[in-house]
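The values are calculated or read from the model by the stated rules, or taken from the named source; none is laboratory data. From a predicted model like this one, the values you see are computed outputs, not experimental measurements. Ideal geometry is used to build each Cβ from the backbone, glycine not excepted, and the neighbour counts take in all protein chains shown. Ligands, DNA and RNA are excluded from the accessible area calculation, which covers all protein heavy atoms including side chains. Shrake-Rupley method; radii C 1.70, N 1.55, O 1.52, S 1.80 Å.
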Amino acid sequence: MKDRLKEITDLTINELLEEEVILPSEYFECFDKHAKLCEVDLEDEEFEKEVDELLLKEIGTINDYVKSATKSIDSAATLTLDAQKAIEENNSDALKKLYSQIRDLQIELQDITENIYKDYLTSAYNKKWLYHKYLAENSKIKEDAIIILIDVTDFEYIKKTYNKLISNNLLIFIFEFINKEFKKEDIDFEICRYLTNKFIISVKNNNFNSVTNLIKNTSSVLFGTTLKSNSGVMIKPNYKYSTLSIKKDDSFHEILNSLIKKLEA
C-alpha cells in the first residue's frame with residue numbers, strides 16, 4: 001500500500017510541478033485522478049483500513065527513530081562530559097577509551113541518517129535528502145553544479161506488462177550501473193531518486209561537456225546490455241536524460257521544469 005500511495009503522490013507532484021501556486025483543492029483533485037488511474041478507490045473502506053494500518057506502522061517507525069536519536073544524543077552528552085573531565089585530568093587512557101566510544105556513536109548516527117535519507121529500493125538518496133540536505137530552505141541551489149535528470153521511460157510499461165519485481169530490478173540495475181561508471185571517473189557526484197522512475201544526479205566542479213559525454217557514453221554502454229529475469233524476460237535497460245549547468249541560488253523547481261521540457265523536446 002505504501003508503494004501505491006507513493007506512486008500516486010509522485011504522479012501528482014510531477015503533473016503539478018509547473019504550477020507556481022498549488023491550492024489544496026487542486027492537489028486533491030489531481031491526486032484523486034491518479035488514484036483512479038492506478039485503480040485505487042480513496043473512499044473504499046478496505047483502502048481506508050489499509051491506510052490506517054500504514055499510518056500506525058509509520059508512526060511506530062518514527063518513534064523508533066526518535067528513541068534511537070534520543071539515545072544517541074544522551075550518549076553524546078555523557079561522552080562530552082567524560083571527555084572534558086579526562087582532558088582536565090590529563091587522563092590519556094580515558095581519552096583513548098572515549099575515542100573508541102565516539103567512533104561507535106558516529107556509526108550509530110550514520111545508520112540513523114541513512115535510514116532517513118536513503119531510498120529503500122535503490123539505496124540512492126531520497127526526496128527527504130534532496131529538500132533537507134541538498135537544497136537551501138527556500139528550495140534554492142546551495143552551490144554551482146551540473147544537474148542530470150534520468151528518466152527510466154520503460155519502467156511503467158515493464159511493470160504493467162510483466163510485474164513490479166522486474167521493473168524494480170531494472171531501476172536498481174540502472175542506478176548501480178550509473179553509480180559505478182561515475183565513480184570510475186573519480187568525480188564528486190550524488191544521486192537522488194526523485195520520482196518513481198526518475199533520478200537526479202548532481203555533479204560538482206566539473207566540465208559540462210565532459211559530464212554530458214559521460215552520461216551519453218554510459219547510456220550507450222547500458223543499452224548494449226541485455227537483462228534476463230528468472231522467468232526468462234529479456235530487457236534492454238535504457239533511459240532518457242537531460243543536462244543543465246546551474247548556479248548557486250537558482251530555483252530547483254525551475255531547473256527541474258527545464259530539465260523535463262528538454263526531455264520531452
Checked against the positive end of the charge dipole of the range 178-265 (+1 on Cβ of Lys and Arg, -1 on Cβ of Asp and Glu, about the Cα centre), the farthest of I246, M234, I187 is M234
Rg and Dmax of the range 127-265, Cα atoms only, in Å: 15.5, 48
Considering Cα pairs under 8 angstrom that are at least six residues apart, work out the relative contact order of the range 148-265 and quote it in whole percent. 32 percent
Calculate the tail of P(r) for the range 193-263: the fraction of all Cα-Cα distances greater than 17 Å, expressed in %. 56 percent
Percent of accessible area on the range 202-251 owned by carbon and sulfur, 1.4 Å probe? 46 percent
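How big is the charge dipole of the range 155-265 about its Cα centre, in debye rounded to the nearest 20, if each Lys and Arg gets +1 on its Cβ and each Asp and Glu gets -1 on its Cβ?
Numbers: 17 positive and 11 negative charges, 84 e Å.
The dipole of the range 155-265 has a size of about 400 debye.
Students often check this: by mean Cβ neighbours within 10 Å, which of 207-218, 145-156, 80-91 ranks highest, and how do the rest follow? Don't skip to the end; give the middle numbers.
Working: 207-218: 15.2, 145-156: 20.2, 80-91: 12.1.
The peptides rank, most packed first, as 145-156, 207-218, 80-91.
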Cross-link pairs K140/K261; K142/K236; K36/K236; K6/K180; K6/K198 - those with Cα-Cα distance over 25 Å: K142/K236; K36/K236; K6/K180
Largest first and to the nearest Å, give the Cα extent of the range 126-209 along each principal axis. 42, 32, 18
